[in-house]
């Protein structure tokens with residue numbers, strides 16, 4: 001009886017251990033885990049922000065409209081995606097987003113009332129910016145510069161956080177990077193590489 005009881009007690013713990021995802025070892029691992037939890041994934045630009053008051057003194061809702069530039073899951077390229085967040089997240093005038101900001105968004109599927117939030121908090125709202133250009137190309141327009149995904153916050157999810165240095169930037173300006181390039185500790189990678197990874201994971205999902 002004691003052996004059976006011990007086995008019965010051990011089984012739930014073993015099942016919990018199997019259910020818990022392993023701590024990510026690389027930025028690629030962390031992104032993969034985040035994408036598995038996301039109901040909507042896209043790159044886009046914030047085009048409007050609206051604050052709506054709640055009823056009977058309840059906290060209101062902030063609606064953030066994105067122009068979807070590249071849809072990966074749960075939305076359509078070229079359409080407008082509206083993220084609805086609890087207004088309490090915007091307390092003390094904390095502007096979580098701003099019009100004109102470009103982001104790679106990994107969002108939870110909307111819940112009750114249609115509200116959602118980025119996967120992993122701020123980690124799921126990944127800033128996009130123009131890559132640094134060489135001095136000889138400084139006259140080129142910013143619009144022609146390749147976009148870089150700033151993955152430093154995603155890097156904090158690693159079991160052992162990777163220190164960021166400017167020498168670990170993958171610019172993608174001199175050669176076409178591979179998927180392996182984005183899985184290193186670069187913490188910054190071309191958006192095209194990150195989107196390609198995310199798409200490959202979506203296609204592999206049964």
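The values are calculated or read from the model by the stated rules, or taken from the named source; none is laboratory data. Here the structure is a predicted model, which is why all the values come from computation and not from measurement. Heads up, the Cβs are rebuilt from the backbone with ideal geometry, glycines too, and the neighbour counts pull from every protein chain shown.
Just one of (1) surrounded by 13 or more Cβ atoms within 10 Å (Cβ to Cβ); (2) without any contact (Cβ under 8 Å) to a residue 40 or more places away in the chain; (3) farther than 15 Å from residue 150 by Cβ trips up residue 108, so point out which.
With (1) surrounded by 13 or more Cβ atoms within 10 Å (Cβ to Cβ); (2) without any contact (Cβ under 8 Å) to a residue 40 or more places away in the chain; (3) farther than 15 Å from residue 150 by Cβ applied to residue 108, the lone miss is (2).
So how many residues does the range 102-119 have that are within 18 Å of the chain's Cα centre (by Cα) and at pLDDT below 90?
The number of residues fulfilling the criteria is 0.
Let me confirm something: among 62, 99, 133, which residue is at pLDDT 90 or above, surrounded by 15 or more Cβ atoms within 10 Å (Cβ to Cβ) and not in a helix (DSSP H, G or I)?
Only one candidate qualifies: 62.
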